[in-house]
C-alpha cells in the first residue's frame, strides 16, 4: 500500500514510545465529522477533527485506524482545514496492545492549553464495496454494499461526533439502524436524500482500545444503487522510454481491465445490448467505452491488444502547453474495448503514445544533469489500480541516475534494458506499487547525466557495422579462390 | 555499316562493364524495393496482422520456436488441437518456414534489434519475394542474358499470380517456397551447364530446404527427372548431366529424408519413383556409354538389345512387386485429383470443399498475369530456337505448369515464374531487335564489333541496364539469323514490316520508336494492372473486413477478433471450442483455446463428427458435444451484414462430409426443399430447420428486426418470424455485427431429465400455475 507519508523511523520510535496511552491526555476532540462519499471501486472518506490541546506544547496528534479500515485504505493525508499544505504524517504501524494502526500528525505549531485546531484527514478506500446481489442479468440494475464502523475511533476523548454517508444516487436500498447505542438520546440515524447521517454521539471516551471496540462499536452496512461500472485495473505496467536522439518520450501502458461489478447472470445477449443502446437505456454495469485524458501534445497514439490493433476508438489531441503553465488541456481518447465489458469480464490492452521530450525534460546546467518527469499513471476517475509497475528507460550511457518518487514504492530497482541499436544497454528504473487511486497521480523525477561520447555510441556502432559489411563485400569480390582460372 | 542512330564510341570496355554492372545492381535493388513495397498494401490499409487461416498456425508454431527454442518446437505435442487426440506438431509440418523466421529472429536479437516475432512473420513473404526476383534474374540470365533476367525479375516481382500468395501477412509455406523453387531450378541448370558437382550439391541443398518448407516440393522431385529423361531421349546424355543429376539425387534424397514429415517417403511412395527410376536409368546409360567405348558397335547393339529387354522386364516386375507388397505406397487422393478434376468431389469432399482446389477460371489467368500470358507462348517458342538443355527445361516446365494451373487455382503459383521467365525472354528479344541501331545492308558485311560496344545510352531501355554483351549478342543475332530467325519474323510481323528477300530488318528510327513506345505502354499498363489487382483483390487480411462509413471513411469490421478475444479473456483456459475446421487455426492462434478440428485436415472422421453435430437436430448433436467435452460452439453467420463466407453457405459441405462417414444418418437431399432449392426461409425443409447449424445461426435473429420482416442479406431470403429455440445450448456471445456467434453447451440437468423436458418444465410451470388459477376464478 503506497502512502505519501514517511515511515523510516517508525520502528525505532515505536520501541521507545508506547505512545498511544501516553498521548491520550494531551488532546481532546471537541468534534469529529466523518463524511463518506460512496463510490464504486473507490470510497473517499474525509474526517474533520476539531481538536483542543489539554497540555502546553502539544504538537503530535495521533489517529487510529481499525484493522479493516487500514486494509482498505490506500491513501491517507492530513491537512489543516482551509489549507492546501499537507502535514507531516508518520506511520507507527500496528499497535499490538490496542489492535490498531497508528499514525501521528505533526502540527505546524504546538498548541497550548485550550488552543484549538481543525484537522482534516482524507483517506481513499479501495475494494471497500462489493456488488450485492453478486450476480446480475444484463438488464438488471447494479447495487453495491459498503461496510463501515459506526463510531470514529480516536485515542482521545471526543465531545461530539457524527458520520455522514453520501450515496451517489438517492436510491439507497437499505442502511443499518444500530440498536442499543450509547452516547445518544436521539435517533441514531437519519436519512435525507442521498445522505445518511449517523449521530450525533456525545461524550465518547478514548476509543482506540480493543475493549471499547468489542463492547461499544457497531457495524453499519449501506446497500445502494450505483449507476456506473465498477472498474479495476488488476495490472498496470507503464514503460516510459526516453530517447535523446529522437527527442522523444514514449509512454506505453499495458493494462488489464476488470469489471468488478456484479457477475453476469446467464449469458450476454447482443440483441439485448443493442436494443438497450437503441433505447438509450444502457445497463449500469456494462462498460461500452472509457474516456481517458491523455497529456497534451502527444502524437502517434496506439491502442492494441494481444490479437492486434483495435480500431474502435476516437482521439482528439491538443497541442502541448508551454512549460510552467498549469496543464489544464488534455488529449481526449475515447477508448472502446473490443467487446462491451460486462460484470466479471476482463479485457487486456496496450495503450501508448509518443510525446516531445521537451515537454517533460529539462537540463540543469549547474549540475549538468537532465531532469525528466514521468507521470506514474494516467488517472482514470474512480478506478483502482491493484498492481502497478512503472519502468523508466533512460538513454544509453546515462550515468549518475537518481530518481524522486512522490511517494515511496514497494520495491525499486535499476536494471539494464537492451533495445534497438544498443551496444551496452540502457539503465532502467523500475518502481512497483499497489492500490493506486485517483489521488496517486504524481510524477517521478529522474535525473541523470549523459556524456557526449555516449551520444556518439550509436552512430559509431551503426557506421562500424556498415563499414565492416562493405569491407567484407569488397574483399569477397576481389579474392579469387578458384583452383583454375577461367 | 549504317546505324539508325549513333552511339558513343570513345568509351573504354572497362567503363562499359562497370557501368552496366552498377546499373544492374541498382535495377535489381529497385525491383526488390518494388516487389516488397507492392506487398505492403495490406499493412498500410489495415495493420501488421497475420492473414487468413493457415498462417495463424504457422505464426503460432513460430512463436513456440522463438520463445522455447528449436528442440521444444521439434518435440512439440499440441494438446489443444484435435481435442482430444492432440497433434504431434514437429512430425506433421514442414518446418522450413518457422525455422527461417526463427533464425531471422535470433540473428536480429543477437544484433540487439528486438523485432517482434509477429512483424518478422508478417514481412517474411515480401522479403523473400525480393529474393525470388533475384533468383529469377539468375535463372533467366542463364537462359538468355542479363537484360532478359532483369525483365523477368521485374515481372515476377509484381505479378499478381505470385503476389496473391506473398502479401505481407500471408505467412504461409508458399512465401519462401517460390524463392526456393526458382533457386533450385537455377542451380540445377547451372549444374547441368557446367557439369559441376558443386552446383549439383547446391541444388540438393536448396531442394532439401524446399522439402523442409513446402509440400509442393514434389514438383521439383518430378520436374528434374522429367528434364533428365527428356534429355536422354533427345540423345543429349552427357557426363555433365550424369554428374548434375547424380549429385542432386543422392544428396537431395538423403537430405530430404531428414525432415520427419517426409521420412521414408522418397523411397516408398509413387510420387518419388520417377526420380529414383531416372537415377537408375542414368546409371545404366552411363554404363552403356562406358561399354560402348570399349566394344565394337555390332556387339554393342546386341548387348543393348538384350539388356534393354531384361532391364525393362525386371524394372516393371520390381515396381509391381514392391507396390503389391506395400513397400511403395499407391498414389494419394490429391494426386488423382490432379488428373481427374471430378475425383475429389466424388471421393474426398474435404479436398473439394476448399475453394483454392477448384479448377481455374479463364479470367483469372488474365487477372494474375495480364499481358505476360500473351507473351508466354512467344517466349516458349523462342526457347525452341536455341534449344539448349536449359531451354528444354523451360519448355517442359511451361507445359507441365500450364496443365496444373488449369486444374487447381492454387497451382497458378507454380505457373507464374515460368510465365515471367518466358515472357521476359520474348519481351527482351523484342526490345533487343528494335533498340539495336544496326540497319540491314544490301551487301553482306561482317558485323563490326564497335557497333555493339555501346553502353546503355539508349533512352528506351526499361530496365536501365543494357550490357555490352547483350548488345553484342543482339547485333550478332540480328545479323546472323536475319534470314531465318523466328523472333525477327514475329517481330517483323508485329512491326508491320513485310519480308523482302533482299534486306531484312528494321529501317529508320520511326519503326523502332513505334514498337518501343508500344512495348513500354504494355509495361506501363502491366504495372497499373498489377498495382490495382494487388491493392483491391489480394491485400485483404480476411480476419478484418473493411467497409465504408456514410462519409466515405474506412470502417473496420472486426468481429472475428472481437469474438476470439472475448473467448481468450473470459472463458476458462481449457474450454473446448467446436467450430467448422476453417476456423480451427484462428481460434488456436487468437483465442488460445483447444479446438476439435482445424485446418490441418488429417482426420476425416473427426471432421465428419463435427459436420454431423452441426447438421443433426439438437438432441442428436448433444451427446456428441458432451462426449467431446465441448464447452463452446462457434459459428460464423453473415446474414445481418451480408458476409457471404459464412457457415450456412458452407453448410452443405459439412453435410456431405458427414454423409461420407454416416450415410444412414445424414443425407444431403434432406436439406433441400422438395423442389431442390437450398432455402432458409419458411419453405426450408424440416431437416434443415432442425439442424443445429440453422438453429444457432438464426437464434433470435428475427427479433432484431423488431416486428418487421427479417431478411437474411446473404441468401436474400426472408427469415421466419418465429425463430428457432435452443434447449441444449445457450447463447454466450454474439459479436457486434453478428458475424461470430458463440454458444455454450449446457451441462446435463441436475435432476437427470433430458434438457428438453427440463426446459419445457421450466417454461411450462408458469402455464400450469396460471391454469388452476383461472379455473378457480371460473368456479368463483
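The values are calculated or read from the model by the stated rules, or taken from the named source; none is laboratory data. Remember, predicted model here, so these are calculated numbers, not experimental data. Ideal geometry is used to build each Cβ from the backbone, glycine not excepted, and the neighbour counts take in all protein chains shown.
Residue check: residue B:715 meets all listed conditions (1) crowded, with 18+ Cβ neighbours inside 10 Å; (2) farther than 23 Å from residue B:736 by Cβ but one, namely (2). Residue check: is residue B:28 under 23 Å from the mean Cα position of the chain (by Cα), closer than 30 Å to residue B:146 by Cβ and outside the structural domain of residue B:595 (by TED's automatic domain parsing)? The answer is no for residue B:28. For residue B:38, the conditions (1) under 18 Å from residue B:119 (Cβ atoms); (2) touching a helix residue (DSSP H, G or I) at 6+ places or on another chain (Cβ under 9 Å) all hold with the exception of (1). Here residue A:459 clears all of (1) touching a residue at least 24 places away in the same chain (Cβ under 8 Å); (2) over 30 Å from the mean Cα position of the chain (by Cα); (3) more than 14 Å from chain B (Cβ to nearest Cβ); (4) surrounded by fewer than 16 Cβ atoms within 10 Å (Cβ to Cβ) except the condition numbered (1). Regarding residue A:399, is this residue within 14 Å of another protein chain (Cβ to nearest Cβ), at pLDDT below 95 and over 28 Å from residue A:73 (Cβ atoms)? Spelling it out, it is not the case that residue A:399 is within 14 Å of another protein chain (Cβ to nearest Cβ), at pLDDT below 95 and over 28 Å from residue A:73 (Cβ atoms). Residues in the range A:266-287 that are away from chain B (no Cβ under 11 Å) and surrounded by 15 or more Cβ atoms within 10 Å (Cβ to Cβ): A:276, A:282, A:283, A:284, A:285, A:286, A:287. Going by the structure shown, is residue A:290 away from chain B (no Cβ under 14 Å), within 30 Å of residue B:589 (Cα to Cα) and at pLDDT 85 or above? Spelling it out, residue A:290 is indeed away from chain B (no Cβ under 14 Å), within 30 Å of residue B:589 (Cα to Cα) and at pLDDT 85 or above. What are the residue pairs meeting all of these: first residue in the range A:185-200, first residue in the same structural domain as residue A:161 (by TED's automatic domain parsing), second residue loosely packed, with under 14 Cβ neighbours inside 10 Å and assigned to a strand (DSSP E or B), Cβ atoms under 6 Å, and 6 or more apart or on different chains? So the pair list comes out as A:197/A:190.
Scanning the range B:685-709 for residues that are without any contact (Cβ under 8 Å) to a residue 12 or more places away in the chain and not in a helix (DSSP H, G or I) returns B:706, B:707, B:708. The set of residues in the range A:224-236 being surrounded by fewer than 17 Cβ atoms within 10 Å (Cβ to Cβ) and in contact with a strand residue (DSSP E or B) (Cβ under 8 Å, 6 or more places away or on another chain) consists of A:225, A:234, A:235. State whether one or more residues within the range A:345-353 are more than 14 Å from every other protein chain (Cβ to nearest Cβ), out of contact with any helix residue (DSSP H, G or I) (no Cβ under 8 Å at 6 or more places or on another chain) and at pLDDT below 90. Within the range A:345-353 (the criterion being more than 14 Å from every other protein chain (Cβ to nearest Cβ), out of contact with any helix residue (DSSP H, G or I) (no Cβ under 8 Å at 6 or more places or on another chain) and at pLDDT below 90), the answer is no, since none of the residues qualifies.
Counting only residues that are crowded, with 17+ Cβ neighbours inside 10 Å, give me the helices (runs of 4 or more DSSP H) lying completely in the range B:171-289 with at least 3 of them. Let's see the steps before the verdict.
Working: elements: B:174-194, B:197-213, B:217-233, B:239-256, B:265-268.
Of the helices (runs of 4 or more DSSP H) lying wholly inside the range B:171-289, those with at least 3 residues that are crowded, with 17+ Cβ neighbours inside 10 Å span B:174-194, B:197-213, B:217-233, B:239-256.
Of the helices (runs of 4 or more DSSP H) lying entirely inside the range B:536-630, those containing at least 3 residues that are within 14 Å of chain A (Cβ to nearest Cβ) and over 30 Å from residue B:35 (Cβ atoms) span B:559-570.
So, in the range A:361-390, how many residues would count as being within 15 Å of residue A:330 (Cα to Cα), in a loop (DSSP other than H, G, I, E, B) and in contact (Cβ under 8 Å) with a residue 60 or more places away in the chain?
Initial filter on the range A:361-390 (within 15 Å of residue A:330 (Cα to Cα)): A:375, A:377-381.
Next, only the ones that are in a loop (DSSP other than H, G, I, E, B) stay: A:377-381.
If we keep only those that are in contact (Cβ under 8 Å) with a residue 60 or more places away in the chain as well, we get A:377-380.
Going through the range A:361-390 one residue at a time, the tally reaches 4.
Restricted to the range B:726-746, and to residues there that are within 14 Å of another protein chain (Cβ to nearest Cβ) and surrounded by fewer than 19 Cβ atoms within 10 Å (Cβ to Cβ), the residue that is modelled with the highest pLDDT is B:744. Among the conditions (1) touching a residue at least 60 places away in the same chain (Cβ under 8 Å); (2) under 24 Å from the mean Cα position of the chain (by Cα); (3) surrounded by fewer than 21 Cβ atoms within 10 Å (Cβ to Cβ), residue B:35 misses just one, which is (3). Filtered by the rule that a residue be surrounded by 18 or more Cβ atoms within 10 Å (Cβ to Cβ), touching a helix residue (DSSP H, G or I) at 6+ places or on another chain (Cβ under 9 Å) and not in a strand (DSSP E or B), the range A:190-223 gives A:206, A:207, A:208, A:209.
Residue-by-condition table, conditions (1) surrounded by fewer than 21 Cβ atoms within 10 Å (Cβ to Cβ); (2) at pLDDT 90 or above:
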| position | (1), (2) |
| --- | --- |
| B:627 | yes, yes |
| B:655 | no, yes |
| B:658 | no, yes |
| B:674 | yes, no |
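The combined condition, being under 21 Å from residue B:610 (Cα atoms), part of a loop (DSSP other than H, G, I, E, B) and free of Cβ contacts under 8 Å to residues at least 60 places away in the same chain, is not fulfilled by residue B:677.
What about residue B:381, is it in contact with a helix residue (DSSP H, G or I) (Cβ under 9 Å, 6 or more places away or on another chain) and modelled with pLDDT of 85 or more? Yes.
Check whether at least one residue in the range B:721-739 is free of Cβ contacts under 8 Å to residues at least 24 places away in the same chain, within 42 Å of the chain's Cα centre (by Cα), assigned by TED's automatic domain parsing to the domain that holds residue B:576 and closer than 30 Å to residue B:605 by Cβ, and report yes or no. Checked against the condition, which is being free of Cβ contacts under 8 Å to residues at least 24 places away in the same chain, within 42 Å of the chain's Cα centre (by Cα), assigned by TED's automatic domain parsing to the domain that holds residue B:576 and closer than 30 Å to residue B:605 by Cβ, the range B:721-739 yields at least one hit. Is it true that residue A:342 is within 23 Å of residue A:288 (Cβ to Cβ) and away from every other protein chain (no Cβ under 14 Å)? The answer is no for residue A:342.
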